[in-house]
Amino acid sequence: MNQFLPRAVLRGRTIALRPACLQRAQPISSRLSTITQTAAFSQATTSSSRTHSQPPVPPPSKSPAELATLPYVVRRTPSAQLPIYRRTMSGGTRQVALIKKVDGDRRKLLDDIVGALQIPKEEIRINPTTQHIEMKGVHYDSARTWLLEQGF
């Protein structure tokens, strides 16, 4: 029990113990039970009231055999999400949409995106280092919808 008291008390000095010191003076087992009960209560209240801002991404509509016949494939992330990302640059004045995890003919995918989304050819490119497809402008939502329609 002595290990939980302040040093001044152990040396015989008289001090007024604050509530925090008294709580530290309690045995560890009683403090742990209080902490566990509080954590269980907070977890029960937060898990039931949590809502997600976006609906979950539907699974791919094409089978692996159908995807193998295409000239390019956009693979999902390990958490089954589409690998399309929104990047804000230049202090928030410039937006770029990135498509990652592309296997196969990236030029063909670039041409299909240009034709389907009506993006000017100058605003879309393949990054030579990372091989990601970069689209200048606010094209995240339309590109995500197009990828889902294509069955990826």
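The values are calculated or read from the model by the stated rules, or taken from the named source; none is laboratory data. It should be emphasised that the depicted structure is a prediction, and the values quoted were computed from it without experimental measurement. Here Cβ is always computed from backbone atoms with ideal geometry, including for glycine, and neighbour counts include all displayed protein chains. Side chains included, ligands, DNA and RNA excluded: accessible areas come from the protein's heavy atoms. Shrake-Rupley method; radii C 1.70, N 1.55, O 1.52, S 1.80 Å.
Return the only residue of Thr77, Thr145, Thr69 being β-branched (Val, Ile, Thr) and open to solvent by 80 Å² or more (accessible area, probe 1.4 Å). It would help to see each step written out before you state the result.
Details: Thr77 fails: open to solvent by 80 Å² or more (accessible area, probe 1.4 Å); Thr145 fails: open to solvent by 80 Å² or more (accessible area, probe 1.4 Å).
Checking each option against the conditions leaves just Thr69.
Can you go through Thr130, Thr93 and tell me which one is open to solvent by 30 Å² or more (accessible area, probe 1.4 Å), at pLDDT 95 or above and β-branched (Val, Ile, Thr)?
Values: Thr93 fails: at pLDDT 95 or above.
Result of the check over Thr130, Thr93: Thr130.
Would segment 108-124 turn up any residue that is over 17 Å from Pro83 (Cβ atoms), open to solvent by 10 Å² or more (accessible area, probe 1.4 Å) and touching a Pro at 6+ places or on another chain (Cβ under 6 Å)?
yes
Just checking, how many residues over segment 127-146 are touching a strand residue (DSSP E or B) at 6+ places or on another chain (Cβ under 6 Å), among the hydrophobic types (A, V, I, L, M, F, W, C) and not in a loop (DSSP other than H, G, I, E, B)?
The qualifying residues number 3.
Restricting to segment 133-142, give me the number of residues that are open to solvent by 70 Å² or more (accessible area, probe 1.4 Å) and of a type outside the set (A, V, I, L, M, F, W, C).
Of the residues in segment 133-142, the ones open to solvent by 70 Å² or more (accessible area, probe 1.4 Å) are 136, 138, 141.
Of the ones still in play, those that are also of a type outside the set (A, V, I, L, M, F, W, C) are 136, 141.
Qualifying residue count for the region: 2.
Considering Ser48, Ser53, which residue is in a loop (DSSP other than H, G, I, E, B), of a type in the set (S, T, N, Q), open to solvent by 90 Å² or more (accessible area, probe 1.4 Å) and at pLDDT below 95?
Details: Ser48 fails: in a loop (DSSP other than H, G, I, E, B).
Being in a loop (DSSP other than H, G, I, E, B), of a type in the set (S, T, N, Q), open to solvent by 90 Å² or more (accessible area, probe 1.4 Å) and at pLDDT below 95 holds for just one of Ser48, Ser53, which is Ser53.
For the subset of segment 96-106 comprising residues that are out of contact with any Pro (no Cβ under 7 Å at 6 or more places or on another chain) and open to solvent by 60 Å² or more (accessible area, probe 1.4 Å), which member is nearest to Thr129 (Cα to Cα)?
Of all residues in segment 96-106, those out of contact with any Pro (no Cβ under 7 Å at 6 or more places or on another chain) come to 96-98, 102-103, 106.
Next, only the ones that are open to solvent by 60 Å² or more (accessible area, probe 1.4 Å) stay: 103, 106.
Details: Asp103: 15, Arg106: 13 Å.
Only one residue fits best here, namely Arg106.
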